[in-house]
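Chemist: A single structure is presented below for examination.
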Amino acid sequence: MKIVIIGDGKVGYKLAKQLSEENYDVVLVDNNAEKLKIAINKLDIFCVTGDGVSADVQIEAGVPEADLVIACASTDELNMLSCLVARHLGARHTIARVRNPLYYKQIDILKEDLRLSMAVNPELAVANEIARVLILPSASKVETFVKGRVELVEFALKQGNPLIGHSLADAYKKMQIKMLVCAVQRGKEVMIPDGRFVPMEGDKLHVAASHKDLEELFKTIEGTKYKIHKVIIGGGGRVGFYLAKQLSNLGMDVKIIEENREKCEELCEQLPKVSIIHGDATDHELLIEEGITEADAFIALTGLDEENIIAGLFAKTQGVGKIIAKVNSDSRVQMVDALGLDCVVSAKRATADAIFSYVRARQNSYASANVETMYHLVDDQVEALEFIIKDTSHYMNVPLKNLAIKPNNLIACIGRKRQIIIPNGNDTLQVGDSVVVVTKDKRVQDIKDILE
């Protein structure tokens, strides 16, 4: 599968790295020759220097023979125009990164006129991710499958948690909650557990269940139902805008602190239900003055990773129950985990995951099951993939206990019509099912790839 990526920024480079590691034929296009030299030295890809909107440059990059062109340059206009040129040259599919809220509001019209296969809005994706965590605040990450009916959440086991010291089989039996622990991170070790696994304090669990069952799980292990009411957002950029709009519509009390006065005035017009404060979100005195000590959640969304980390750490000292920081640098994400901030989000990662899902779906379009959704978990060490079974195969209607599933692979849940099944050994797979697979093998393209 030949893929041309236009734009060697954070997203373009991350995509080129991941796709080349999976042996896709990748060409990276960018105006900056120095940045491309770095990419060539580190990655097994081909690079073309030039303007991605130029037909000549696209022809040199092999766009007419490309299966997919991904435009993730710095401006929406360049991305959309690059995709339009690519389709005219013969590219089979195109994806554009579109960040402007005005453009994205009418994305369906733009997709049709520009013949886009997909449009990705990184800031909206991150806002959605944060909103899911605030709705289920005991979790540090929440990913959704089966059109939102199944959630895969991450949370750490703290002292006193009743799951500690008991096998998962015993916990399932005692709690009688339809859930499945799909992956466990213990220090630097990552495991896909079976029923004999015994969780320990400090473990990070990834659990699949319906939203209702997850609420019951957290109520059981925490003894109370924790809800978010008052939220302070540091930074009024696009992520802050999308997030505040969602949270205010959910009835939460939302306040944005933004340093740019013009942006504050725009936000006041766009978000009448939200309090807009002109000021520096990293100013400790201002945060105290604006009620950080009474806030249920603080979301650090400034343009600098360092400022977000520092503001989040200050909020932690003030007793804020839920702290989320936007951190795009992979190296800083690992540092943040060590500092104890319970949730980190990245526009780069959210964009790459959305595009990766599409690539996987196109790659296995002739397989018995299509990839519908894909997320990277535990620092990219584990993948959670949602397959839609479209054709009969040898594994159909066979009890799962009779299928020889490879080590480090797990069928986490099955969506069948309106039913959500947390599977046991007697359940079977059928045509039309949505099946969520959790795996440490990053080369899974079809359900049969997890079978011996």
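Chemist: Consider residue 128 carefully, then state whether it is surrounded by fewer than 22 Cβ atoms within 10 Å (Cβ to Cβ), of a type outside the set (D, E, K, R) and under 18 Å from residue 384 (Cβ atoms).
Modeler: Spelling it out, residue 128 is indeed surrounded by fewer than 22 Cβ atoms within 10 Å (Cβ to Cβ), of a type outside the set (D, E, K, R) and under 18 Å from residue 384 (Cβ atoms).
Chemist: For region 76-106, what are the residues that are within 24 Å of residue 124 (Cβ to Cβ), surrounded by fewer than 16 Cβ atoms within 10 Å (Cβ to Cβ) and not acidic (Asp, Glu)?
Modeler: 100, 101, 102, 105, 106
Chemist: A further question on this structure: Would you confirm, using the coordinates I've provided, whether residue 142 is over 25 Å from residue 96 (Cβ atoms), surrounded by 20 or more Cβ atoms within 10 Å (Cβ to Cβ), out of contact with any Cys (no Cβ under 8 Å at 6 or more places or on another chain) and among the aliphatic types (A, V, I, L, M)? Full working, then the answer.
Modeler: Details: over 25 Å from residue 96 (Cβ atoms): yes; surrounded by 20 or more Cβ atoms within 10 Å (Cβ to Cβ): yes; out of contact with any Cys (no Cβ under 8 Å at 6 or more places or on another chain): yes; among the aliphatic types (A, V, I, L, M): yes.
In short, yes.
Chemist: Go through (1) part of a helix (DSSP H, G or I); (2) touching a strand residue (DSSP E or B) at 6+ places or on another chain (Cβ under 7 Å) for residue 232 and report which single condition fails.
Modeler: (1)
Chemist: Working carefully through the options 181, 142, 207, find the one that is among the hydrophobic types (A, V, I, L, M, F, W, C) and at pLDDT below 95.
Modeler: None of the others qualify; the one that does is 142.
Chemist: Mind telling me which of the residues 212, 227, 273 ends up being in contact with a helix residue (DSSP H, G or I) (Cβ under 6 Å, 6 or more places away or on another chain), surrounded by fewer than 19 Cβ atoms within 10 Å (Cβ to Cβ) and either charged (D, E, K, R) or not in a helix (DSSP H, G or I) (or both)?
Modeler: On the way: 212 fails: in contact with a helix residue (DSSP H, G or I) (Cβ under 6 Å, 6 or more places away or on another chain); 227 fails: in contact with a helix residue (DSSP H, G or I) (Cβ under 6 Å, 6 or more places away or on another chain).
Only one candidate qualifies: 273.
Chemist: Restricting to region 283-306, count the residues that are open to solvent by 80 Å² or more (accessible area, probe 1.4 Å), modelled with pLDDT under 95 and in a helix (DSSP H, G or I).
Modeler: The number of residues fulfilling the criteria is 1.
The values are calculated or read from the model by the stated rules, or taken from the named source; none is laboratory data. Just so we're clear, the structure is a prediction, and the values are computed from it rather than from any experiment. Don't worry about glycine lacking a Cβ; one is built from the backbone with ideal geometry, like all the others, and counts go over all protein chains shown. With ligands, DNA and RNA removed, areas are computed over all heavy atoms of the protein, side chains included. Shrake-Rupley method; radii C 1.70, N 1.55, O 1.52, S 1.80 Å.
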